[in-house]
Amino acid sequence: DVSGPFHSAGFNLIGKKDGGTGFAAATDKKGTIVSPLNPMLSLKGLRDNGGPTQTVALVAGSPAIDKGTSAGLTGTLTTDQRGFARKVDNSGIANATGGDGTDIGAFEFGAH
């Protein structure tokens with residue numbers, strides 16, 4: 001899924017990290033070619049899930065749920081790509097260390 005050197009700031013979900021040397025952050029969720037990480041995305045693919053643009057939804061059990069942070073490089077992110085509340089902290093899922101319950105990616109599971 002990636003190739004070459006880089007530095008990760010953390011809170012990424014990568015199916016296969018083989019070929020990329022920058023995923024050293026403890027908060028990066030990563031798989032390998034031998035054992036890929038399934039992001040558990042909706043099988044319906046890119047579609048209208050509300051908001052101005054199409055998104056791919058997370059499904060229950062996704063390793064991206066509650067494993068991110070809303071602290072963006074230019075300030076705190078308050079909404080997902082659809083414009084829905086960015087932080088829906090699911091009480092049954094432990095947050096990533098240093099995270100705040102935000103989901104990894106453009107789609108916040110459980111936001112309406």
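The values are calculated or read from the model by the stated rules, or taken from the named source; none is laboratory data. On a predicted model such as this, the values are computed, not experimentally measured, just so you know. All Cβ positions, glycine included, derive from the backbone under ideal geometry; neighbour counts span all protein chains shown.
Working only within the stretch 55-80, note down all residues that are loosely packed, with under 14 Cβ neighbours inside 10 Å, at pLDDT below 95 and hydrophobic (A, V, I, L, M, F, W, C).
Once the filter is applied, which keeps residues that are loosely packed, with under 14 Cβ neighbours inside 10 Å, at pLDDT below 95 and hydrophobic (A, V, I, L, M, F, W, C), the stretch 55-80 yields only LEU73.
Where residues in the stretch 33-54 are among the polar types (S, T, N, Q) and surrounded by 15 or more Cβ atoms within 10 Å (Cβ to Cβ), which of them is farthest from the chain's Cα centre (by Cα)?
ASN49
Which of the residues that make up the stretch 53-111 are in contact with a strand residue (DSSP E or B) (Cβ under 7 Å, 6 or more places away or on another chain), more than 21 Å from ASN38 (Cβ to Cβ) and outside any loop (DSSP other than H, G, I, E, B)?
Those that are in contact with a strand residue (DSSP E or B) (Cβ under 7 Å, 6 or more places away or on another chain), more than 21 Å from ASN38 (Cβ to Cβ) and outside any loop (DSSP other than H, G, I, E, B): THR79, ALA85.
Going by the conditions given, is LEU46 of a type in the set (A, V, I, L, M) and free of Cβ contacts under 8 Å to residues at least 40 places away in the same chain?
Yes, satisfied.
Looking at the stretch 22-32, is at least one residue part of a strand (DSSP E or B), surrounded by fewer than 17 Cβ atoms within 10 Å (Cβ to Cβ) and among the polar types (S, T, N, Q)?
No, every residue in the stretch 22-32 fails to be part of a strand (DSSP E or B), surrounded by fewer than 17 Cβ atoms within 10 Å (Cβ to Cβ) and among the polar types (S, T, N, Q).
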